[in-house]
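See structure below.
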Ligand SMILES: [Fe+2]
């Protein structure tokens, strides 16, 4: 079975050996290579949510469950991240700031992530995420910093204008996803 304590110490050791996401990505890739084992330890996803698995000033590990067909608006993290999918799928669109765009962004790429994929994101990446399937998607997210304390941006979905990331608004999106799951039952 996936050993969470062992995974956390692997990530800590990886970070100590290399401050980039390189070795952490390898640890996440090893973990999601056995998705059934993660499901046994963390449980089958029950609802859209963010579970904190580990939190320190230089490293944050989350269990992120995306609701069916849920989308989150473009945002940055201002620290590197590794996303490892252990059930379901996730589509990422990558964005860049427009020169002289007053903070507006344009799409520059996309990446589909499937169960077993471990994707590194550099500290300047701006991405939006969609779960394109009609069931919950589960992913381990590792961040090279304090995910909850960092100041960062998000871009509104209609006009792609930069604003301050609002954690409460993000939590409301998870609640809305759960409300629509309940409505469909
Ligand atoms: Fe993100």
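FYI, it's all coordinate maths here, none of it is from the lab. All values derive from a computational prediction rather than experimental measurement. Because the Cβ atoms are built from the backbone with ideal geometry, glycine has one as well, and the counts that use them run over all protein chains shown.
For the options 88, 103, 138, a Gaussian network treatment of the chain with springs between C-alpha atoms closer than 10 Å singles out 103 as fluctuating the most. Put in order of Cβ neighbour count within 10 Å, fewest first, the listed residues 153, 9 become 9, 153. Counting neighbouring beta carbons within 10 Å and listing from fewest to most, the residues 70, 1 come out as 1, 70.
Over all directions, the projected convex hull of the C-alpha atoms in segment 1-117 averages 8.2 nm² in area. Over segment 26-185, how many percent of alpha carbon pairs lie in each 10 Å bin up to the one with the longest distance? P(r) for segment 26-185, in whole percents per bin: 11, 40, 38, 11, 1. Here 24, 72, 32 are placed in order of increasing Cβ neighbour count within 10 Å, fewest first, which gives 72, 32, 24.
The packing ranking, built from the mean of other Cβ atoms within 10 Å per residue, places the peptides 11-18, 121-128 in the order 121-128, 11-18, highest first.
Normalised by the number of residues in the chain, the average gap of Cα pairs under 8 Å and 6 or more apart makes the relative contact order 27 percent.
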